[in-house]
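Beneath this line is the structure, given in C-alpha coordinates, with notes to follow.
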Amino acid sequence: DSPSDGFSFKGIKDYLECYQSGRLTPSQVAKNIIAVLEDCDKSTPPLRAIVQWDPAQIMLMAEASTVRYRNKCTLSYLDGIPVCLKEEFKVVPYHHRVGTVYLGTEPETEDATVAKKLREAGAIIIGVSNMHELGTGTTGCNPNRYHKIPRNPYKLNHFTGGSSSGSAAAVAAGLCPVAIGTDGGGSVRIPSSFCGVVGLKGTFGRISSHGSLPLTYSTVGVGPMCTSVVDAAIAYSILAGPDPLYPYGLKQPKATLSGMCAPDLKGLKLGVDWTFFKECDEEVLSVCEKAVEHLQSLGASVVEVSLPEMEEVRAAHVICILSEMRDFLQPDFNKHFQEMNLDTRANLALASQFTALDYITANRQRTRSIRFLQDIFTTVHCILTPAVPSTAPRIYESDLLTGINDSAFTVRSMRFMQLANFTGIPGIVVPIGYSMAGLPIGFQVMAKWWDEAVLLRIGLKLEQFRCQTKNPSIYYDVLA
(Lines give C-alpha, C1' and ligand atoms only; values in the text may rest on other atoms or scores of the structure.)
Protein backbone atom coordinates (compact mmCIF):
# COMPACT_ATOMS: atom_id res chain seq x y z
CA ASP A 1 0.00 0.00 0.00
CA SER A 2 1.26 3.45 -0.84
CA PRO A 3 0.09 6.57 1.05
CA SER A 4 -2.79 8.06 -0.90
CA ASP A 5 -3.24 11.59 0.39
CA GLY A 6 -4.11 13.74 -2.61
CA PHE A 7 -3.73 12.40 -6.15
CA SER A 8 -2.61 8.85 -6.81
CA PHE A 9 -2.41 6.95 -10.08
CA LYS A 10 -4.88 4.10 -10.54
CA GLY A 11 -2.86 0.89 -10.50
CA ILE A 12 -3.45 -2.83 -10.93
CA LYS A 13 -4.79 -3.13 -7.37
CA ASP A 14 -7.51 -0.53 -8.07
CA TYR A 15 -8.66 -2.41 -11.17
CA LEU A 16 -8.69 -5.74 -9.33
CA GLU A 17 -10.72 -4.28 -6.45
CA CYS A 18 -13.31 -2.97 -8.92
CA TYR A 19 -13.56 -6.33 -10.69
CA GLN A 20 -13.59 -8.50 -7.58
CA SER A 21 -16.20 -6.36 -5.83
CA GLY A 22 -18.36 -6.29 -8.97
CA ARG A 23 -18.37 -2.47 -9.03
CA LEU A 24 -17.10 -2.56 -12.62
CA THR A 25 -16.46 -5.29 -15.16
CA PRO A 26 -13.52 -5.38 -17.60
CA SER A 27 -16.09 -4.76 -20.38
CA GLN A 28 -17.28 -1.52 -18.73
CA VAL A 29 -13.68 -0.38 -18.26
CA ALA A 30 -12.93 -1.19 -21.90
CA LYS A 31 -15.86 0.99 -23.02
CA ASN A 32 -14.47 3.85 -20.91
CA ILE A 33 -11.04 3.38 -22.47
CA ILE A 34 -12.44 3.43 -26.01
CA ALA A 35 -14.23 6.72 -25.20
CA VAL A 36 -10.98 8.11 -23.77
CA LEU A 37 -8.96 7.04 -26.83
CA GLU A 38 -11.46 8.86 -29.05
CA ASP A 39 -11.14 11.93 -26.83
CA CYS A 40 -7.30 11.78 -26.93
CA ASP A 41 -7.35 11.90 -30.72
CA LYS A 42 -9.68 14.91 -30.75
CA SER A 43 -8.05 16.97 -27.99
CA THR A 44 -5.88 20.00 -28.76
CA PRO A 45 -3.08 19.17 -28.97
CA PRO A 46 -3.75 15.42 -29.40
CA LEU A 47 -1.98 13.25 -26.81
CA ARG A 48 -0.70 10.76 -29.47
CA ALA A 49 0.21 8.12 -26.88
CA ILE A 50 -1.62 5.24 -28.60
CA VAL A 51 -1.20 5.34 -32.39
CA GLN A 52 -3.15 2.21 -33.39
CA TRP A 53 -6.17 0.78 -31.63
CA ASP A 54 -9.27 -1.19 -32.54
CA PRO A 55 -12.48 -1.02 -30.45
CA ALA A 56 -13.59 -4.51 -31.56
CA GLN A 57 -10.28 -6.07 -30.45
CA ILE A 58 -10.38 -4.25 -27.11
CA MET A 59 -13.95 -5.38 -26.42
CA LEU A 60 -13.21 -8.98 -27.42
CA MET A 61 -10.45 -9.30 -24.79
CA ALA A 62 -12.49 -7.40 -22.18
CA GLU A 63 -15.58 -9.57 -22.63
CA ALA A 64 -13.53 -12.76 -22.27
CA SER A 65 -12.05 -11.36 -19.04
CA THR A 66 -15.52 -10.38 -17.75
CA VAL A 67 -16.68 -13.98 -18.19
CA ARG A 68 -13.62 -15.25 -16.28
CA TYR A 69 -14.33 -12.89 -13.36
CA ARG A 70 -17.96 -14.01 -13.33
CA ASN A 71 -16.86 -17.67 -13.23
CA LYS A 72 -14.07 -16.93 -10.71
CA CYS A 73 -11.39 -18.46 -12.97
CA THR A 74 -9.07 -15.54 -13.71
CA LEU A 75 -5.70 -16.20 -15.34
CA SER A 76 -3.35 -13.86 -13.44
CA TYR A 77 -3.09 -10.50 -11.68
CA LEU A 78 -3.10 -8.93 -15.16
CA ASP A 79 -6.50 -10.40 -16.09
CA GLY A 80 -8.67 -7.51 -17.26
CA ILE A 81 -5.83 -4.99 -16.85
CA PRO A 82 -5.42 -2.57 -19.79
CA VAL A 83 -1.91 -2.62 -21.29
CA CYS A 84 -0.24 -1.23 -24.40
CA LEU A 85 2.92 -2.24 -26.25
CA LYS A 86 5.43 -0.06 -28.06
CA GLU A 87 5.00 -0.20 -31.84
CA GLU A 88 8.40 -1.92 -32.02
CA PHE A 89 6.60 -5.17 -31.05
CA LYS A 90 4.45 -7.24 -33.37
CA VAL A 91 0.88 -7.19 -32.07
CA VAL A 92 -1.97 -8.82 -34.02
CA PRO A 93 -3.78 -7.23 -35.92
CA TYR A 94 -1.88 -3.92 -35.91
CA HIS A 95 0.73 -2.65 -38.38
CA HIS A 96 4.31 -3.25 -37.23
CA ARG A 97 5.48 0.22 -38.30
CA VAL A 98 8.19 0.78 -35.65
CA GLY A 99 7.62 4.54 -35.84
CA THR A 100 8.07 4.73 -39.64
CA VAL A 101 5.74 5.38 -42.58
CA TYR A 102 7.17 2.58 -44.72
CA LEU A 103 7.27 -0.57 -42.52
CA GLY A 104 4.27 -2.73 -41.59
CA THR A 105 2.29 -2.21 -44.79
CA GLU A 106 0.10 -5.24 -43.92
CA PRO A 107 -1.59 -5.97 -40.56
CA GLU A 108 0.50 -8.27 -38.33
CA THR A 109 -0.47 -11.95 -38.17
CA GLU A 110 1.87 -13.08 -35.39
CA ASP A 111 2.38 -11.76 -31.85
CA ALA A 112 5.74 -10.94 -30.28
CA THR A 113 6.49 -13.16 -27.26
CA VAL A 114 5.61 -10.39 -24.77
CA ALA A 115 2.26 -9.76 -26.52
CA LYS A 116 1.56 -13.49 -26.41
CA LYS A 117 2.39 -13.65 -22.68
CA LEU A 118 0.12 -10.67 -21.95
CA ARG A 119 -2.77 -12.33 -23.83
CA GLU A 120 -2.19 -15.59 -21.94
CA ALA A 121 -2.31 -13.59 -18.68
CA GLY A 122 -5.72 -12.18 -19.67
CA ALA A 123 -4.60 -8.57 -20.15
CA ILE A 124 -6.60 -6.23 -22.38
CA ILE A 125 -4.24 -4.92 -25.07
CA ILE A 126 -5.63 -1.46 -25.82
CA GLY A 127 -3.35 -0.85 -28.81
CA VAL A 128 0.22 -0.06 -29.79
CA SER A 129 1.99 3.04 -28.55
CA ASN A 130 3.92 5.80 -30.27
CA MET A 131 7.70 5.74 -30.51
CA HIS A 132 10.65 7.68 -31.83
CA GLU A 133 11.18 6.54 -35.42
CA LEU A 134 13.19 3.27 -35.41
CA GLY A 135 14.15 4.01 -31.80
CA THR A 136 16.88 6.42 -32.92
CA GLY A 137 16.32 9.25 -30.42
CA THR A 138 15.59 10.15 -26.81
CA THR A 139 12.99 12.95 -27.23
CA GLY A 140 10.11 10.93 -28.71
CA CYS A 141 9.76 13.54 -31.46
CA ASN A 142 8.27 11.82 -34.52
CA PRO A 143 6.61 14.28 -36.93
CA ASN A 144 5.60 11.77 -39.63
CA ARG A 145 1.97 11.36 -40.69
CA TYR A 146 1.23 8.13 -38.80
CA HIS A 147 2.70 9.18 -35.48
CA LYS A 148 3.01 12.89 -34.70
CA ILE A 149 4.51 14.05 -31.45
CA PRO A 150 3.29 12.46 -28.21
CA ARG A 151 2.73 14.97 -25.41
CA ASN A 152 3.99 14.82 -21.87
CA PRO A 153 0.88 14.47 -19.64
CA TYR A 154 2.53 16.70 -17.01
CA LYS A 155 3.13 19.57 -19.43
CA LEU A 156 1.74 19.30 -22.94
CA ASN A 157 4.37 21.60 -24.47
CA HIS A 158 7.16 19.26 -23.32
CA PHE A 159 8.50 16.03 -24.79
CA THR A 160 7.79 12.61 -23.29
CA GLY A 161 11.33 11.33 -23.88
CA GLY A 162 12.08 8.38 -26.12
CA SER A 163 12.17 6.09 -27.70
CA SER A 164 9.30 4.34 -25.82
CA SER A 165 7.50 7.68 -25.81
CA GLY A 166 3.86 6.67 -26.19
CA SER A 167 4.17 3.93 -23.56
CA ALA A 168 5.24 6.45 -20.89
CA ALA A 169 2.58 8.97 -21.92
CA ALA A 170 -0.16 6.30 -21.88
CA VAL A 171 0.68 5.26 -18.31
CA ALA A 172 1.06 8.84 -17.02
CA ALA A 173 -2.24 9.87 -18.63
CA GLY A 174 -4.15 6.97 -17.05
CA LEU A 175 -4.93 5.11 -20.30
CA CYS A 176 -3.42 1.93 -18.82
CA PRO A 177 -1.43 1.11 -15.67
CA VAL A 178 1.09 -1.04 -17.58
CA ALA A 179 2.93 -0.44 -20.86
CA ILE A 180 5.81 -2.34 -22.44
CA GLY A 181 8.88 -0.72 -23.94
CA THR A 182 12.33 -1.60 -25.23
CA ASP A 183 15.53 0.00 -23.98
CA GLY A 184 18.74 0.03 -26.04
CA GLY A 185 20.04 3.36 -24.71
CA GLY A 186 17.55 4.40 -22.02
CA SER A 187 14.42 4.04 -24.15
CA VAL A 188 12.30 2.74 -21.24
CA ARG A 189 13.97 4.68 -18.45
CA ILE A 190 14.26 8.16 -20.05
CA PRO A 191 10.54 8.53 -20.94
CA SER A 192 9.55 6.98 -17.59
CA SER A 193 11.64 9.63 -15.84
CA PHE A 194 10.28 12.51 -17.95
CA CYS A 195 6.66 11.38 -17.51
CA GLY A 196 6.85 10.58 -13.79
CA VAL A 197 6.28 6.80 -13.95
CA VAL A 198 8.29 3.71 -12.97
CA GLY A 199 10.38 2.08 -15.70
CA LEU A 200 12.23 -1.23 -15.39
CA LYS A 201 14.83 -2.44 -17.90
CA GLY A 202 15.48 -6.12 -17.29
CA THR A 203 18.87 -7.80 -17.49
CA PHE A 204 19.91 -8.43 -21.11
CA GLY A 205 17.92 -11.53 -22.16
CA ARG A 206 15.66 -11.60 -19.06
CA ILE A 207 12.49 -10.67 -21.01
CA SER A 208 12.29 -11.95 -24.56
CA SER A 209 12.48 -9.42 -27.36
CA HIS A 210 11.45 -11.98 -29.97
CA GLY A 211 8.97 -10.32 -32.30
CA SER A 212 10.37 -6.84 -31.85
CA LEU A 213 12.39 -5.35 -34.70
CA PRO A 214 15.99 -6.40 -33.95
CA LEU A 215 17.41 -2.89 -34.26
CA THR A 216 20.22 -3.57 -31.78
CA TYR A 217 20.80 -7.04 -30.44
CA SER A 218 23.60 -6.52 -27.90
CA THR A 219 22.38 -3.52 -25.86
CA VAL A 220 18.60 -3.95 -25.71
CA GLY A 221 16.51 -4.76 -22.65
CA VAL A 222 12.73 -5.10 -22.49
CA GLY A 223 10.64 -3.98 -19.56
CA PRO A 224 7.41 -2.64 -18.11
CA MET A 225 6.53 1.02 -17.53
CA CYS A 226 3.99 1.34 -14.72
CA THR A 227 2.32 3.64 -12.23
CA SER A 228 4.08 1.95 -9.30
CA VAL A 229 6.92 -0.38 -8.36
CA VAL A 230 4.45 -3.08 -7.29
CA ASP A 231 2.81 -2.98 -10.73
CA ALA A 232 6.25 -3.20 -12.37
CA ALA A 233 6.97 -6.27 -10.22
CA ILE A 234 3.71 -7.93 -11.28
CA ALA A 235 4.34 -7.25 -14.99
CA TYR A 236 7.97 -8.33 -14.66
CA SER A 237 7.06 -11.62 -12.96
CA ILE A 238 4.70 -12.47 -15.83
CA LEU A 239 7.03 -11.43 -18.67
CA ALA A 240 10.42 -12.64 -17.39
CA GLY A 241 11.79 -16.07 -18.21
CA PRO A 242 13.43 -18.05 -21.00
CA ASP A 243 11.86 -18.10 -24.47
CA PRO A 244 12.92 -20.87 -26.89
CA LEU A 245 12.64 -18.32 -29.72
CA TYR A 246 15.10 -15.91 -28.05
CA PRO A 247 18.51 -17.54 -27.50
CA TYR A 248 20.06 -14.76 -25.37
CA GLY A 249 17.94 -15.52 -22.29
CA LEU A 250 17.85 -19.33 -22.35
CA LYS A 251 20.34 -19.90 -19.54
CA GLN A 252 18.92 -17.34 -17.11
CA PRO A 253 18.35 -18.12 -13.42
CA LYS A 254 14.74 -18.17 -12.22
CA ALA A 255 13.18 -14.74 -11.81
CA THR A 256 12.16 -14.12 -8.20
CA LEU A 257 10.78 -11.27 -6.11
CA SER A 258 12.45 -12.56 -2.96
CA GLY A 259 12.98 -10.01 -0.21
CA MET A 260 11.16 -7.33 -2.20
CA CYS A 261 8.80 -6.48 0.65
CA ALA A 262 11.40 -6.44 3.45
CA PRO A 263 10.43 -3.77 6.01
CA ASP A 264 13.75 -1.89 5.68
CA LEU A 265 16.99 -1.84 3.72
CA LYS A 266 19.27 -3.18 6.47
CA GLY A 267 22.26 -5.07 5.12
CA LEU A 268 22.15 -3.45 1.69
CA LYS A 269 25.21 -1.63 0.39
CA LEU A 270 24.46 1.09 -2.16
CA GLY A 271 27.31 2.20 -4.41
CA VAL A 272 27.63 5.85 -5.45
CA ASP A 273 30.30 7.39 -7.67
CA TRP A 274 29.72 10.97 -6.51
CA THR A 275 31.70 12.61 -9.32
CA PHE A 276 29.55 10.79 -11.89
CA PHE A 277 26.36 11.22 -9.81
CA LYS A 278 26.74 15.01 -9.81
CA GLU A 279 26.85 15.39 -13.61
CA CYS A 280 23.28 16.73 -13.72
CA ASP A 281 21.22 19.91 -13.28
CA GLU A 282 21.25 21.49 -9.81
CA GLU A 283 17.51 20.93 -9.36
CA VAL A 284 17.82 17.23 -10.21
CA LEU A 285 20.89 16.79 -8.00
CA SER A 286 19.35 18.29 -4.88
CA VAL A 287 16.32 15.94 -4.96
CA CYS A 288 18.47 12.91 -5.82
CA GLU A 289 20.91 13.57 -2.95
CA LYS A 290 17.99 13.69 -0.52
CA ALA A 291 16.72 10.38 -1.93
CA VAL A 292 20.09 8.79 -1.14
CA GLU A 293 19.81 10.07 2.46
CA HIS A 294 16.29 8.60 2.63
CA LEU A 295 17.62 5.15 1.64
CA GLN A 296 20.35 5.49 4.26
CA SER A 297 17.74 6.30 6.92
CA LEU A 298 16.11 2.92 6.18
CA GLY A 299 19.25 1.04 7.15
CA ALA A 300 21.18 0.84 3.88
CA SER A 301 24.81 1.89 3.86
CA VAL A 302 26.16 4.12 1.10
CA VAL A 303 29.57 3.08 -0.21
CA GLU A 304 31.66 5.34 -2.44
CA VAL A 305 32.65 3.49 -5.59
CA SER A 306 34.54 4.52 -8.70
CA LEU A 307 32.96 3.72 -12.07
CA PRO A 308 36.02 3.58 -14.32
CA GLU A 309 36.25 4.66 -17.98
CA MET A 310 32.74 6.11 -18.21
CA GLU A 311 33.78 8.33 -21.15
CA GLU A 312 34.97 5.21 -23.00
CA VAL A 313 31.72 3.44 -22.10
CA ARG A 314 29.74 6.33 -23.55
CA ALA A 315 31.60 6.26 -26.88
CA ALA A 316 31.67 2.46 -27.10
CA HIS A 317 27.94 2.16 -26.40
CA VAL A 318 27.14 4.65 -29.18
CA ILE A 319 29.43 2.75 -31.60
CA CYS A 320 27.76 -0.58 -30.73
CA ILE A 321 24.14 0.53 -30.87
CA LEU A 322 24.49 2.65 -34.02
CA SER A 323 26.64 0.06 -35.85
CA GLU A 324 24.08 -2.66 -35.13
CA MET A 325 21.19 -0.41 -36.20
CA ARG A 326 23.03 0.58 -39.35
CA ASP A 327 23.79 -3.06 -40.16
CA PHE A 328 20.16 -4.12 -39.74
CA LEU A 329 18.72 -1.02 -41.45
CA GLN A 330 21.15 -0.93 -44.40
CA PRO A 331 18.44 -1.97 -46.93
CA ASP A 332 16.00 0.58 -45.44
CA PHE A 333 18.62 3.33 -45.57
CA ASN A 334 19.22 2.62 -49.27
CA LYS A 335 15.59 2.14 -50.25
CA HIS A 336 13.55 4.39 -47.90
CA PHE A 337 15.99 7.21 -47.15
CA GLN A 338 13.55 9.90 -48.40
CA GLU A 339 10.74 8.56 -46.19
CA MET A 340 12.77 8.69 -42.98
CA ASN A 341 12.71 11.59 -40.52
CA LEU A 342 15.69 13.94 -40.79
CA ASP A 343 17.21 12.92 -37.44
CA THR A 344 16.98 9.21 -38.36
CA ARG A 345 18.88 9.90 -41.57
CA ALA A 346 21.52 11.88 -39.68
CA ASN A 347 22.01 9.12 -37.08
CA LEU A 348 22.26 6.35 -39.67
CA ALA A 349 24.63 8.46 -41.78
CA LEU A 350 26.81 8.99 -38.70
CA ALA A 351 26.70 5.24 -38.05
CA SER A 352 28.05 4.54 -41.52
CA GLN A 353 31.29 6.28 -40.51
CA PHE A 354 32.12 3.63 -37.91
CA THR A 355 34.48 0.89 -39.02
CA ALA A 356 34.77 -2.80 -38.17
CA LEU A 357 37.81 -1.83 -36.11
CA ASP A 358 35.69 0.67 -34.10
CA TYR A 359 33.11 -2.02 -33.41
CA ILE A 360 35.73 -4.55 -32.28
CA THR A 361 37.42 -1.97 -30.04
CA ALA A 362 34.02 -1.00 -28.55
CA ASN A 363 33.33 -4.66 -27.71
CA ARG A 364 36.72 -4.97 -26.05
CA GLN A 365 35.67 -2.02 -23.90
CA ARG A 366 32.48 -3.93 -23.05
CA THR A 367 34.55 -6.87 -21.76
CA ARG A 368 36.60 -4.46 -19.61
CA SER A 369 33.50 -2.70 -18.26
CA ILE A 370 31.79 -6.00 -17.38
CA ARG A 371 34.94 -7.01 -15.49
CA PHE A 372 34.96 -3.69 -13.56
CA LEU A 373 31.30 -4.20 -12.63
CA GLN A 374 31.90 -7.78 -11.49
CA ASP A 375 34.45 -6.37 -9.04
CA ILE A 376 32.18 -3.51 -7.93
CA PHE A 377 29.28 -5.92 -7.28
CA THR A 378 31.42 -7.92 -4.87
CA THR A 379 31.37 -4.87 -2.57
CA VAL A 380 27.90 -3.34 -3.21
CA HIS A 381 24.43 -4.63 -4.08
CA CYS A 382 23.60 -1.84 -6.48
CA ILE A 383 24.67 1.47 -8.03
CA LEU A 384 22.67 4.68 -7.60
CA THR A 385 22.46 7.60 -10.05
CA PRO A 386 19.94 10.25 -11.07
CA ALA A 387 17.77 8.92 -13.94
CA VAL A 388 18.31 11.74 -16.45
CA PRO A 389 20.47 14.85 -15.85
CA SER A 390 17.55 17.18 -16.68
CA THR A 391 13.75 17.30 -16.88
CA ALA A 392 11.75 16.95 -20.11
CA PRO A 393 12.70 19.52 -22.79
CA ARG A 394 10.24 21.89 -24.41
CA ILE A 395 8.55 21.27 -27.76
CA TYR A 396 8.95 24.11 -30.28
CA GLU A 397 6.75 24.82 -33.31
CA SER A 398 9.49 23.78 -35.75
CA ASP A 399 9.76 20.36 -34.03
CA LEU A 400 6.18 19.58 -35.07
CA LEU A 401 7.06 20.08 -38.73
CA THR A 402 10.62 18.87 -39.19
CA GLY A 403 11.44 17.01 -35.98
CA ILE A 404 14.43 17.73 -33.78
CA ASN A 405 18.06 16.69 -34.04
CA ASP A 406 19.78 17.90 -30.88
CA SER A 407 22.69 15.49 -30.56
CA ALA A 408 24.03 17.31 -27.48
CA PHE A 409 20.70 16.64 -25.70
CA THR A 410 20.65 13.01 -26.89
CA VAL A 411 24.14 12.37 -25.54
CA ARG A 412 23.39 14.11 -22.24
CA SER A 413 20.03 12.40 -21.70
CA MET A 414 21.69 8.97 -22.01
CA ARG A 415 24.51 9.78 -19.58
CA PHE A 416 23.28 7.62 -16.68
CA MET A 417 21.63 5.04 -18.96
CA GLN A 418 24.42 3.68 -21.13
CA LEU A 419 26.28 1.63 -18.54
CA ALA A 420 23.31 -0.72 -18.03
CA ASN A 421 22.66 -1.09 -21.76
CA PHE A 422 26.31 -1.63 -22.59
CA THR A 423 26.97 -4.28 -19.92
CA GLY A 424 23.48 -5.83 -19.77
CA ILE A 425 22.79 -5.13 -16.07
CA PRO A 426 19.19 -4.30 -15.01
CA GLY A 427 18.05 -0.81 -14.01
CA ILE A 428 14.91 0.79 -12.59
CA VAL A 429 13.86 4.43 -12.52
CA VAL A 430 11.41 5.72 -9.93
CA PRO A 431 9.87 9.22 -9.82
CA ILE A 432 11.06 11.00 -6.65
CA GLY A 433 9.95 14.62 -7.07
CA TYR A 434 9.31 17.57 -9.36
CA SER A 435 11.16 20.59 -10.68
CA MET A 436 10.04 24.14 -9.89
CA ALA A 437 8.26 24.05 -13.26
CA GLY A 438 6.29 20.96 -12.14
CA LEU A 439 8.12 18.43 -14.33
CA PRO A 440 8.94 14.97 -12.90
CA ILE A 441 12.43 14.06 -11.66
CA GLY A 442 13.52 10.40 -11.59
CA PHE A 443 16.11 8.35 -9.70
CA GLN A 444 17.90 5.25 -11.01
CA VAL A 445 19.06 2.06 -9.30
CA MET A 446 21.17 -0.53 -11.18
CA ALA A 447 22.02 -4.00 -9.88
CA LYS A 448 24.10 -6.99 -10.91
CA TRP A 449 22.90 -9.29 -13.67
CA TRP A 450 19.60 -11.13 -12.91
CA ASP A 451 19.10 -9.31 -9.58
CA GLU A 452 15.95 -7.38 -10.49
CA ALA A 453 14.50 -8.31 -7.07
CA VAL A 454 16.86 -5.94 -5.24
CA LEU A 455 15.90 -3.11 -7.63
CA LEU A 456 12.23 -3.63 -6.80
CA ARG A 457 12.98 -3.76 -3.08
CA ILE A 458 14.83 -0.41 -3.18
CA GLY A 459 12.28 1.01 -5.62
CA LEU A 460 9.47 0.42 -3.13
CA LYS A 461 11.36 2.43 -0.53
CA LEU A 462 12.15 5.22 -3.01
CA GLU A 463 8.42 5.63 -3.65
CA GLN A 464 7.92 6.46 0.03
CA PHE A 465 10.43 9.30 -0.32
CA ARG A 466 8.12 11.16 -2.72
CA CYS A 467 5.84 12.89 -0.23
CA GLN A 468 3.17 13.61 -2.85
CA THR A 469 2.28 12.61 -6.38
CA LYS A 470 1.32 15.58 -8.53
CA ASN A 471 -1.67 15.31 -10.79
CA PRO A 472 -0.63 15.31 -14.48
CA SER A 473 -2.37 18.08 -16.43
CA ILE A 474 -3.94 15.33 -18.59
CA TYR A 475 -5.21 12.35 -16.62
CA TYR A 476 -8.11 10.06 -17.46
CA ASP A 477 -9.62 8.05 -14.61
CA VAL A 478 -11.12 5.12 -16.52
CA LEU A 479 -12.42 3.60 -13.26
CA ALA A 480 -14.46 6.67 -12.33
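The values are calculated or read from the model by the stated rules, or taken from the named source; none is laboratory data. These numbers come from a predicted model, not from an experiment. All Cβ positions, even for glycine, are placed from backbone atoms using ideal geometry, and neighbour counts span all protein chains on display. Keep in mind that these areas ignore ligands, DNA and RNA; they rest on the heavy atoms of the full protein, side chains included. Shrake-Rupley method; radii C 1.70, N 1.55, O 1.52, S 1.80 Å.
Spatially, the stretch 188-229 and the stretch 298-320 are offset by 19 Å when compared through their Cα centroids. Other residues whose C-beta falls under 14 angstrom from the C-beta of Gly271 contribute a net charge of -2, scoring Lys and Arg +1 and Asp and Glu -1. Between Tyr102 and Ser398, what's the calculated FRET efficiency when r is the beta-carbon distance and R0 is 25 Å? Round to 0.05. Computed FRET efficiency for Tyr102 and Ser398 comes out at 0.60.
Contact order for the chain, expressed relative to its length and based on alpha carbon pairs under 8 Å spaced 6+ residues apart, stands at 19 percent.
Residue ranking by accessible heavy-atom surface, 1.4 Å probe, largest first, among Glu17, Glu324 comes out as Glu17, Glu324. If you take the Cα centroid of the stretch 412-480 and the Cα centroid of the stretch 255-276, the two points sit 14 Å apart. Loop-located trypsin sites (Lys or Arg not before Pro) across the stretch 122-159 with a Cβ neighbour count of 14 or fewer within 10 Å are Arg145, with loop assigned by DSSP. The antiparallel fraction among DSSP beta bridges confined to the chain stands at about 70%.
Where the eigenvalues come from the Cα gyration tensor of the stretch 161-208, what are the semi-axes √(5λ) of the equivalent ellipsoid, largest first, in whole Å? In descending order the semi-axes read 18, 11, 8 Å.
Averaged per residue, the stretch 159-245 has 13 square angstrom of accessible surface, using a 1.4 angstrom probe with ligands and nucleic acids left out. Scaled to the globular estimate 2.2 N^0.38 Å, the Cα spread of the stretch 407-480, given as radius of gyration, is 1.34. Here the 3J(HN,Hα) profile of the stretch 149-162, calculated from phi with Karplus coefficients 6.51, -1.76 and 1.60 at θ = phi - 60°, is 9, x, 9, 6, x, 6, 8, 5, 9, 10, 6, 8, x, x Hz, Gly and Pro shown as x.
Per residue, the chain reaches -12000 deg cm²/dmol at 222 nm when only DSSP H runs of four or more residues are counted, each adding -39500 (n - 2.57).
Of the peptides 382-392, 182-192, the order by per-residue mean of other Cβ atoms within 10 Å, starting with the highest, comes out as 182-192, 382-392. Relative contact order (percent) for the stretch 260-313, with alpha-carbon contacts under 8 angstrom and 6 or more residues of separation? With pairs under 8 Å counted, the relative contact order is 57 percent.
Accessible surface comparison of Ser301, Ser413, probe 1.4 Å, protein chains only, largest first: the order is Ser301, Ser413. With all protein chains present, how much of the accessible area of the stretch 305-440 (probe radius 1.4 Å) comes from carbon and sulfur, to the nearest whole percent? Carbon and sulfur: 58 percent of the exposed surface of the stretch 305-440. Less than 5 angstrom separates the built amide H of Asn152 from those of His158, Thr160, all sequence-distant by 5 or more or on a different chain. Peptides 121-134, 272-285 ordered by packing proxy, namely the average of other Cβ atoms within 10 Å per residue, highest first: 121-134, 272-285. Summarising the overall dimensions of the stretch 96-188 from its C-alpha atoms, the Rg and Dmax are 13.2, 38 angstrom. Shown here: the stretch 1-130, whose C-alpha atoms stretch 46, 35, 25 Å along the first, second and third principal axes, sorted largest to smallest. The trypsin sites (Lys or Arg not before Pro) of the stretch 232-277 that meet both conditions, a loop assignment by DSSP and at most 14 other Cβ atoms within 10 Å of the site Cβ, are Lys251, Lys254, Lys266.
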